Every structure is written in structure tokens, then in C-alpha cells.
Amino acid sequence: MGKLHVKVAVIGAGMAGLVAARELRREGHRAVVFERADDVGGMWLYDPRVESDLLGLDPGRDVVHASMYRSLRVNLARQLMGYLDYPFLKKGCGDSRDFPGHEEVLRFLRGFAEDFGLVELIRFGHEVVRVERAVEGGRDQWAVEWRRRGGEEAAAGVDVFEAVVVCNGKYTQPKIAEFPGRSTWQGEQLHSHNYRVSELYKNKIVLIIGRGISAGEIAKDILPFAREVHQASRETNPQVVKLNKVSGVFQHPMIACAKENGKLVFQDESSMYADVIIHCTGYRYHYPFLKTEGLVCVDNNRVGPLYEHVFPPNLAPWLSFIGIPYPTFPAQLSELQSKWVAKVLSGELVLPSEEEMMSSVQEHYQRIEELGWPKHCTHKLEIGKFEYENWLADRLGLPSLEQWREKLALVGLEMLKSSDGNWKDTWDVDKWMQEEGFGKQSLNRS
């Protein structure tokens, strides 16, 4: 029996959607990519606009997909940001730093799309508003309803596909911190999703909520302009607080309540007045277009049930998700997942039975509990183990990730925790690789 060649809808033309389209076409499938923007890049397509609801709570708001601020630079070395067979090389023009700005990542993704002829597969300006199973010719298929905005070019329609691959990203639906008095506090509040430029906070007292990477990066970005920068979080481990402390930023426990007079009271009973609160509190997985009658849902940021973070057992392989797990190498993870999806759809690789996949999902949930992680960490990967990436590689008959990738990622993580605010400029990654005996030839992997 020959390979199956199916018509597949890919939702999103970002880092995940582009490589999904390439792998699907390589396997002989007919891929159509729906992208609401007018360019490739997804989250790497900088948009200076912000939403009318700066906290992102209004479900009817006009969503701005990008979550990047103007001065953002990558936290992962460019040597780890390329695809396995298409490295993120330094070129004569553009930003050649090891940790470049977001513009360089967009240039890389545009180059990837052009070099592999993917642009012809993309329907730009097409927002997917509904994905639902439909019976067509006596077979279960997928109806993909889309709309196109823009004056005379506005349009809407429905196309039918045999399979759908969801690659719409995970940095669009903000998650905010709740505390008594938050909704009536009179100062300005926004989620980091709507943070763009630091100059807007000149001479203001800014409180940042969160202890993650984005909280620290935005604190550093604002510090030269703001009158004061403060940081609060629920983190109670003093060692973690010390590791993530930004020099010049005042540290606090979480807000206990906000008073009507504008005072913010912390859990240690200290207090302050602020002009602005920035919620650097993460995002929710969000698939408002997906209609599965409850077969796939998002519960406290657990997308499920998903076999190995990709396939819903009772809808596999005709519905799949790319790019959900974190933290990882996003380009390489998306590539491995995409290869797996493409080969399963063609019949070259076979999934376990629905019952076996559901059993595996339950085992994963049990593992999360044993680790002491809350439900919202269901798709979190254990730092430093790379078991998931290597599991995917093994399914595909590929070698495990090279040692240099794993070691470089771990050293980069330690750099993120360091007190050196200039480490992205002072760390010569190519030199480090040479000293470690890895060498530049290791960047390419077929």
C-alpha cells in the first residue's frame, strides 16, 4: 500500500506553521496555510499597535497577535534557534549578534519560507474563525471557516480538509494576576502582551508582577527611564528571588490588596504607590476557533487530552497541535513534531490505538502529579533532560540531539540567572563552542 496524500489545513505561518507546511509537502501532502497577518513570522512579526483592552480580558477585543516589544532580543543563542537542517546563520547584512533582536529572527523566517517555496502555500490576511468536523462524501473531514478583512477585499468562506494542524502559537491570550481591589485600582494596568516601548514610562513608578524571564527583561528595559521600578511575585523561595533579581529594581512579595486611594499593600504588609502595574504573568493556550464538542478542551492551561502533546487520541491523526510544550528549542521541536505528524498522516508511521494513547495521557498526568507540578504545568518539560525531543527523534529514526545543543542550552539558562546584565553581548558563543570542542560544523544536521 502506497503513502496517503491528504489535504491539510495549517493554522498559522509562524515558526511552527512554516516548518509544518514544509514537512507536510515533503511527505506529499497538499498543505494550505491560513495566516491572519500579511506576512510570515507569527509572534516574531513585530506590531507597534496595542489592544484597546491592555489587560486582554475583553473576549470581543480586536486581538493583536504579536507580544513583542521594540527592543526585544532573543534569550536563546542563535545557534539553537535554527531548524535542524536550516541553521540560523550570521550573514553580512542584518544583526550578526549571537543573541540578535527580533528583526533578525523575522528575516530568518522569511528566508526559510522563500528558500523552501512556502509562500505560495500561504493565504495571507485569512483569519480562521471556525474549525469543525464535517461529513463530506460520506467521510469525516474538517470544515475550516475563514474571513478576510480589509475594505473591498473583505471576504469569508469555508473550505474542507482531511486534516488540520494547529500552529497558532501560545502568546496571544494573556493571563493576569488577581488580587483584591485590582479591578477598581485607579492606576494604569497592562499585560506584557501590550508592552512596546520603554520611553512611555519616563518618570513613572512602575510595578512589575512576575518572576519569569519577561518580567526581568522588561524591568531592565524600563529602568533607564522610569522614576522607580519595583517587582512583586508569589515566589517565596529566597534563592529563586535572589537569582532572578534585577539590579536597581526593588523587590516585594505578592500584592495582598489594592486600596481605593491608590496604595498597593504587599503580603508582608509593606506598601507603595505606583503609576503603572505591568502583569508579566504568562499566557493561556487559546483556540477559540476549534469546535470539537468537548473532545479537546483547555482546562487550567492543560490542552487535552493530547498524546505526547500533539494528537487528541479520539481525533488522531486528523487533528494535531504543533509547538505546545515548553521550555525547549522552538524551531527544532516544531520540526520534529511536524515530521512526525506528516509521516503519521501518510501512513509511514503508525500511532498506538486510541485506548493506548489515552492510557499514555493518563500516565503523563500522573507523572505531573508526582513531580508536584500543578495542572497548568501539564505541557512543561523537565529542564535539562531533553527526553521529549529525543523521544520524537527516535520515532523518526533520527539520532538524538547532539551534546552541544543540550550543553549550550543549559549554559544559556545559567546565564539567564546570572547578575550580569550584559551577558548577551559579552558571551562569545562561537568561541565557547570551539573551546568545548564542538566547532561550527556541528551547526548543520541532516
Only one of (1) surrounded by 16 or more Cβ atoms within 10 Å (Cβ to Cβ); (2) at pLDDT 90 or above does not apply to Ser71, and that is (1)
Just give me the residues in the stretch 24-55 being over 20 Å from Leu106 (Cα atoms), touching a Lys or Arg at 6+ places or on another chain (Cβ under 9 Å) and not aliphatic (A, V, I, L, M), in sequence order. Arg26, Glu27, Gly28, His29, Arg30, Glu51, Ser52, Asp53
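A quick yes/no check of all residues on (1) open to solvent by 40 Å² or more (accessible area, probe 1.4 Å); (2) modelled with pLDDT of 95 or more; (3) touching a strand residue (DSSP E or B) at 6+ places or on another chain (Cβ under 9 Å); (4) not basic (Lys, Arg):
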residue	(1), (2), (3), (4)
Thr236	yes, no, yes, yes
Phe250	yes, yes, yes, yes
Met254	no, yes, yes, yes
Phe289	no, yes, yes, yes
Thr292	no, yes, yes, yes
Checked the stretch 161-175 for anything farther than 18 Å from Phe311 by Cβ and out of contact with any Lys or Arg (no Cβ under 8 Å at 6 or more places or on another chain); matches are Gly169, Tyr171, Thr172
Those residues of the stretch 95-124 which are surrounded by 15 or more Cβ atoms within 10 Å (Cβ to Cβ), of a type outside the set (A, V, I, L, M, F, W, C) and over 21 Å from the mean Cα position of the chain (by Cα), in sequence order: Asp95, Arg97, Arg123
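Restricted to the stretch 169-199, and to residues that are part of a helix (DSSP H, G or I) and touching a residue at least 40 places away in the same chain (Cβ under 8 Å), which residue is farthest from the chain's Cα centre (by Cα)? First the steps, then the outcome.
Of the stretch 169-199, the ones part of a helix (DSSP H, G or I) are 182-184, 192-194, 198-199.
Filter once more, so that each one left must be touching a residue at least 40 places away in the same chain (Cβ under 8 Å): 182, 184, 192-194, 198.
Working: Arg182: 27, Thr184: 31, Ser192: 14, His193: 12, Asn194: 16, Ser198: 23 Å.
Only one residue tops the list, namely Thr184.
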Give me the residue from the stretch 371-410 that is surrounded by fewer than 13 Cβ atoms within 10 Å (Cβ to Cβ) and of a type in the set (Gly, Ala, Ser) and, out of that set, farthest from Trp340 (Cα to Cα). Gly372
Across (1) in contact (Cβ under 8 Å) with a residue 12 or more places away in the chain; (2) assigned to a helix (DSSP H, G or I); (3) over 24 Å from Tyr283 (Cα atoms), Glu363 clears everything bar (1)
Please identify the pairs in which a residue from the stretch 372-400 that is closer than 21 Å to Asn301 by Cβ and touching a residue at least 60 places away in the same chain (Cβ under 8 Å) has its Cβ atom under 9 Å from the Cβ atom of a residue that is hydroxyl-bearing (Ser, Thr, Tyr) and open to solvent by less than 30 Å² (accessible area, probe 1.4 Å), counting only partners at least 6 apart or on another chain. His379/Tyr285
If a residue has to be under 27 Å from the mean Cα position of the chain (by Cα), β-branched (Val, Ile, Thr) and more than 11 Å from Tyr307 (Cβ to Cβ) to count, how many in the stretch 347-380 make the cut? 2
Tally up the residues in the stretch 411-435 that are over 16 Å from Phe99 (Cβ atoms) and either in a helix (DSSP H, G or I) or open to solvent by less than 30 Å² (accessible area, probe 1.4 Å) (or both), please. 2
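How about the stretch 266-348: which strands (runs of 3 or more DSSP E) wholly inside it have at least 2 residues that are closer than 25 Å to Leu398 by Cβ?
Those strands (runs of 3 or more DSSP E) span 319-321.
Can you tell which of Arg149, Arg139 is closer than 20 Å to Tyr46 by Cα, of a type outside the set (Gly, Ala, Ser), more than 21 Å from the chain's Cα centre (by Cα) and surrounded by fewer than 18 Cβ atoms within 10 Å (Cβ to Cβ)? Spell out how you get there, then give the answer.
Numbers: Arg139 fails: closer than 20 Å to Tyr46 by Cα.
Going through Arg149, Arg139 in turn, just one is closer than 20 Å to Tyr46 by Cα, of a type outside the set (Gly, Ala, Ser), more than 21 Å from the chain's Cα centre (by Cα) and surrounded by fewer than 18 Cβ atoms within 10 Å (Cβ to Cβ): Arg149.
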Which condition does Ala9 not pass, out of (1) open to solvent by less than 30 Å² (accessible area, probe 1.4 Å); (2) within 19 Å of Lys170 (Cα to Cα); (3) touching a Gly at 6+ places or on another chain (Cβ under 6 Å), if it passes all the others? (3)
Residue pairs within 9 Å by beta carbon, gap of at least six or interchain, first lying in the stretch 65-89 and closer than 24 Å to Ser198 by Cα, second of a type in the set (Lys, Arg) and open to solvent by 40 Å² or more (accessible area, probe 1.4 Å), listed first then second, are His65/Arg36; Ala66/Arg49; Arg73/Arg97
Within the stretch 262-281, count every residue that is surrounded by fewer than 17 Cβ atoms within 10 Å (Cβ to Cβ) and under 18 Å from Thr184 (Cβ atoms). 5
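This table checks each residue for (1) within 25 Å of Gly2 (Cα to Cα); (2) of a type in the set (Phe, Trp, Tyr).
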position: Asn314; (1), (2): yes, no
position: Gly323; (1), (2): no, no
position: Tyr326; (1), (2): no, yes
position: Pro330; (1), (2): no, no
position: Glu335; (1), (2): yes, no
position: Lys343; (1), (2): yes, no
position: Ser346; (1), (2): yes, no
position: Leu351; (1), (2): yes, no
position: Gln362; (1), (2): no, no
Single residue of the stretch 166-198 satisfying the filter (over 19 Å from Gly14 (Cβ atoms) and among the small types (Gly, Ala, Ser)) that is surrounded by the fewest Cβ atoms within 10 Å (Cβ to Cβ): Ser183
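The values are calculated or read from the model by the stated rules, or taken from the named source; none is laboratory data. None of these values were measured; they are calculated from a predicted model. Counting neighbours? That spans all protein chains shown, and the Cβs are built from the backbone with ideal geometry, glycine included. Calculation scope for accessible area: heavy atoms of the full protein, side chains included, ligands and nucleic acids excluded. Shrake-Rupley method; radii C 1.70, N 1.55, O 1.52, S 1.80 Å.
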